[in-house]
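Engineer: Next up is a structure, given as structure tokens.
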Amino acid sequence: MSHTLLNESNADQYRTRVTLLGTAGGPPWWDGSDRTGISTVISVNDDHYIVDLGEGWGPQFRKSNLGPVGFQKGLDNVRAVFVTHHHSDHIVDLPNLLLLAWHNGSDGLKSPIQIYGPGNRGELPPIFAPENREQLPEVFNPDSPTPGLTESAAKLMEAYALDINDRMRDNAKQDLRDVFEFHDIELPGTTGDRPNEDPTPEMEPFEVYRDENVRVTAILVDHRPIFPAFAFRFETADGSVVVSGDTGVCENIVKISADADMLLHECIDMDWVDTLMGPNSPKPDANLMQHMLAAHTSIEQVGPQAQAARVKSLVLTHLVPGNTPAEKWQQAAAGYDGDFYVGEDLMQFGIGAPRG
Ligand SMILES: [Zn+2]
């Protein structure tokens, strides 16, 4: 058995666990949906590795009972955080981690929390369909229009300097700079040096992090024009788990997922896109529809991707829109032979065999 769906009675029996904190994709607030913004935790030996910090991940982490119970202890066992890409729905609650970690963790941190994310894009993305614009957008923050994780985090902390100084001077909190270490994920060699022409070059997964519990590799996926956009693979003693990040159909996601025990994959309901911009919508735009589909994977496409990668289980998450009914997402099992789940917030899986 390569994985087990967990409930309260067996949740503690597995050394390696996957927890879906939030399963909604996209910045919109979805009417009638209670899915939280995208965030996933891989836990090994009660150490936690978080992928993406969508809106509401913090309260969900608390509800998941993953951290130690007790005042100011919740985040103590968070070892590392991995950001797939710099779309707001994946990083909007990074400040929560930076500022609230003092008050809900860091009381006994084994070592600083390591935060990894995409580096500077290097050049601005093209303007989509400029011929349809009455006015072309002016570049925001032209001195640094495409920052990477390290720069973004440093600027966020600067923005909160008053709170940070107050907590250190008035509450004797440790220096916040000692609580985190930030890393821009460096692409190997010249890989990805033409982000507008070739955002997903042919490449092999490369290592970004390793400790006694996990080895984490990354690969570029196709979420154009956002770049870099990564999928991450976690190798543990109990099996391997891949988080797709946001991606359209591409060879690199098949490559990094090959024979994984679990693939957590994004999905978009193209019928919803059709109601917004399809031929019978108030504002038909075939070009924009194609653009959306290139950056995401439809219900019809995700099963064959998982099949091509021979993954043992497929879990849909980052669902767009968040209010498409579960029965509809179930159709994504078509074309795939393995175990299939439609992700729900706080759903949890054990990987490998239970602890002895
Ligand atoms: Zn995205």
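Rule-based calculations on the coordinates, nothing more; no lab input. These numbers come from a predicted model, not from an experiment. Every residue, glycine as well, gets a Cβ built from its backbone with ideal geometry; the counts of neighbours run over all protein chains shown.
Engineer: For the chain, what is the charge dipole size about the Cα centre, in debye to the nearest 20, if Lys and Arg each add +1 at the Cβ and Asp and Glu each add -1 at the Cβ?
Structural biologist: In debye, rounded to 20, the chain gives about 720.
Engineer: Taking R0 as 45 Å, what FRET efficiency do you get between ALA286 and ALA154 from their Cβ-Cβ distance, rounded to the nearest 0.05?
Structural biologist: My answer for the efficiency is 0.60.
Engineer: How much of the DSSP beta bridge set in the chain is antiparallel, as a percent to the nearest 5?
Structural biologist: Roughly 55 percent of the beta bridges in the chain run antiparallel, per DSSP.
Engineer: OK, next. Expressed in nm², what is the orientationally averaged projection area of the convex hull enclosing the Cα positions of the range 179-265?
Structural biologist: 6.4
Engineer: Moving on to the next point. Assign one of three labels to the range 33-88, namely rounded, prolate or oblate, based on the Cα gyration tensor with a ≥ b ≥ c the square roots of its eigenvalues; rounded applies when a/c is under 1.5, prolate when it is not and a/b is larger than b/c, and oblate otherwise.
Structural biologist: Oblate, because a/c is 1.5 or more while a/b does not exceed b/c.
Engineer: Using the membrane-span-like helix rule (whole DSSP H runs, Cα extent along the own axis of at least 24 Å, mean Kyte-Doolittle hydropathy at least 1.6), which helices of the chain qualify?
Structural biologist: Sorted by number, there is nothing, because no helix extends far enough and scores high enough.
Engineer: When a/c reaches 1.5 or more, the comparison of a/b and b/c decides; with that in mind, is the range 107-227 rounded, prolate or oblate per its Cα gyration tensor?
Structural biologist: It is oblate, given that a/c is not under 1.5 and a/b is not larger than b/c.
Engineer: Once you have the Kirkwood Rh of the range 41-142 from its Cα pairs, apply Stokes-Einstein at 4 °C and 1.567 mPa s and quote D in µm²/s.
Structural biologist: 83
Engineer: Next question, about the same structure. Taking every Cα atom in the chain, find the radius of gyration and the maximum pairwise distance Dmax, and write them in Å.
Structural biologist: Cα-based Rg and Dmax for the chain come out at 20.1, 66 Å.
Engineer: For GLN174 and ASN141, FRET efficiency with R0 = 45 Å and r from the beta-carbon atoms, rounded to 0.05?
Structural biologist: For R0 = 45 Å, the calculated efficiency reads 0.90.
Engineer: Students often check this: by mean Cβ neighbours within 10 Å, which of 305-312, 118-125 ranks highest, and how do the rest follow?
Structural biologist: 305-312, 118-125
Engineer: Mind ranking 162-171, 89-98, 129-138, 69-78 by how tightly packed they are, going by the mean number of other C-beta atoms within 10 angstrom, highest first?
Structural biologist: Put in order of decreasing packing, that is 89-98, 69-78, 162-171, 129-138.
Engineer: Okay, moving on. With n ≥ 4 as the cut-off for DSSP H runs, can you work out [θ] at 222 nm for the chain, using -39500 (n - 2.57) per run divided by the number of residues, rounded to the nearest 500?
Structural biologist: Mean residue ellipticity, 222 nm, calculated: -6500 deg cm²/dmol.
Engineer: Moving on to the next point. For the range 122-127, in order, what is each residue's ³J(HN,Hα) by Karplus, 6.51 cos²θ - 1.76 cosθ + 1.60 with θ = phi - 60°, in whole Hz (x at glycine and Pro)?
Structural biologist: x, 8, 5, x, x, 7
Engineer: Could you check which residue among ASP184, ASP285, ASP52 shows the biggest mean-square fluctuation in a GNM of the chain with a 10 Å Cα cutoff?
Structural biologist: ASP285
Engineer: Moving to a separate point now. To the nearest µm²/s, what D does Stokes-Einstein give for the range 224-356 at 25 °C and 0.890 mPa s, using the Kirkwood radius over alpha carbon pairs as Rh?
Structural biologist: 158
Engineer: Right, next: Roughly what % antiparallel, to the nearest 5, for the DSSP beta bridges in the range 219-295?
Structural biologist: Of those bridges, close to 70 percent are antiparallel.
Engineer: Considering only lysines 8 or more places apart in sequence, or on different chains, count the pairs in the chain whose C-alpha atoms sit under 16 Å apart.
Structural biologist: Here the count comes out as 4.
Engineer: If you don't mind, there's one more thing I want to ask. By the gyration tensor of its Cα atoms, with a ≥ b ≥ c the square roots of the eigenvalues, what is the shape of the range 306-356: rounded for a/c under 1.5, prolate for a/b over b/c, or oblate?
Structural biologist: Since a/c reaches 1.5 but b/c is at least a/b, the shape of the range 306-356 is classed as oblate.
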